[in-house]
Structure formats: C-alpha cells, structure tokens
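Here the structure comes first, spelled out in structure tokens, and everything after it is commentary.
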Amino acid sequence: DLIGFARTLNPLGDHHDYLSSNVFAQAEALAFGKTEEQVRAEGTPEAVVPHRVMEGNRPTNTLLCDILTPRLLGTLVALYEHSVFTQGVIWDIDSFDQWGVELGKQLAQRIIPELTAESEPELIHDSSTNALIRRYRSMKTGS
C-alpha cells in the first residue's frame with residue numbers, strides 16, 4: 001500500500017511534488033518492473049544486471065488523500081486494523097493475540113519508572129533501548 005497526500009502540511013518549495021512523484025513512480029515500478037533487456041539497453045555492467053531486473057506484476061493500492069488530518073489518520077488506522085482482522089479470519093488465526101505484544105507490555109513496566117525518574121537512573125537494557133531512553137529523557141527536559 002502506498003499512501004500519498006495532494007496537499008502538504010509543511011510547504012517547502014516543490015519538495016512535496018518530488019515526494020508525490022516517488023509515490024506514483026513506486027506504484028509504476030511495482031506494476032511494470034524492468035526487463036533484463038531494458039536493463040542491458042541502459043548500459044548497465046553485466047555483473048549488476050540481475051540486481052536491476054524487476055519482475056513487475058506486483059499489485060499495489062495507492063491511496064491518494066487530500067491532506068493528513070487527525071480524522072484521516074484515525075481512518076487509516078481503522079482500515080489497517082480491519083485488514084489485519086479480516087486476514088486473521090480468512091487464515092483462522094487470532095491476529096490480535098500476540099505473545100510479542102504481551103512481552104512488550106511487560107518490558108514497558110520496567111521502562112516507565114526510568115522515563116519518569118527525577119535523575120537519570122542506571123539503565124540495564126541493550127544499548128539501543130538505553131540510547132532511546134536517554135534521548136527521550138533529554139528531549140523531554142530540553143537538555
């Protein structure tokens with residue numbers, strides 16, 4: 001699924017047109033791809049040719065919306081939640097009974113006090129999680 005917006009919330013020259021052109025071009029690339037002959041005709045070095053061939057025939061949905069609003073964002077979330085539910089029904093699985101989500105909730109209970117502590121607590125997570133917690137605390141306090 002590709003989602004684009006006709007109007008931007010942050011006008012910056014013709015930047016939005018460039019972003020929009022990439023949405024449309026990606027849909028075209030997935031639909032039609034590029035053949036080996038086309039790649040060779042571009043003068044691509046032979047060793048790279050297999051990597052530049054794109055099969056095509058990859059169906060996509062392109063949602064072109066007017067402008068991002070809170071209501072539209074909620075609508076998109078509901079759309080994808082419904083899609084996940086429908087796929088679960090078709091495949092006879094409970095898409096929302098996920099052990100990984102449960103583990104995340106358990107780990108969050110350890111992180112909440114670290115986010116709200118007055119002074120920086122000793123962090124004993126992996127380096128990525130520690131860095132995110134430190135960055136969050138720094139951004140939250142503006143320091």
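Laboratory data are not the source of any read-out in this text; all were calculated from the coordinates shown. Values in this document were obtained by computation on a predicted structure and should not be read as measured data. Methodologically, a virtual Cβ is constructed for each residue, glycine included, from the backbone with ideal geometry; neighbour enumeration extends over all protein chains shown.
Take the Cβ-Cβ distance between LEU132 and VAL77 as r, set R0 to 30 Å, and report the resulting FRET efficiency rounded to the nearest 0.05. If you can, show how the numbers build up before the last one.
Details: r = 23 Å, r/R0 = 0.76.
Rounded to the nearest 0.05, the efficiency is 0.85.
Within the chain, which DSSP H helices have Cα atoms that stretch 24 Å or more along the helix axis and a mean Kyte-Doolittle hydropathy of at least -1.0? Working shown, then result.
On the way: long enough: 15-32 (26 Å, 0.07); 70-91 (32 Å, 0.70); 99-116 (26 Å, 0.00).
Helices meeting the criterion: 15-32, 70-91, 99-116.
Helix-only mean residue ellipticity at 222 nm, the chain, DSSP H runs n ≥ 4 weighted -39,500 (n - 2.57), per residue, nearest 500. What is it?
Details: 6 runs with 83 residues, N = 143.
Helix contribution divided over all residues of the chain: -18500 deg cm²/dmol.
Could you tell me the distance between the Cα centroids of segment 1-27 and segment 36-68, to the nearest Å?
19 Å
Name the long-range amide H neighbours of LYS34: under 5 Å, sequence gap of 5 or more, or other chain; modelled H, no Pro or chain starts.
MET54, GLU55, GLY56
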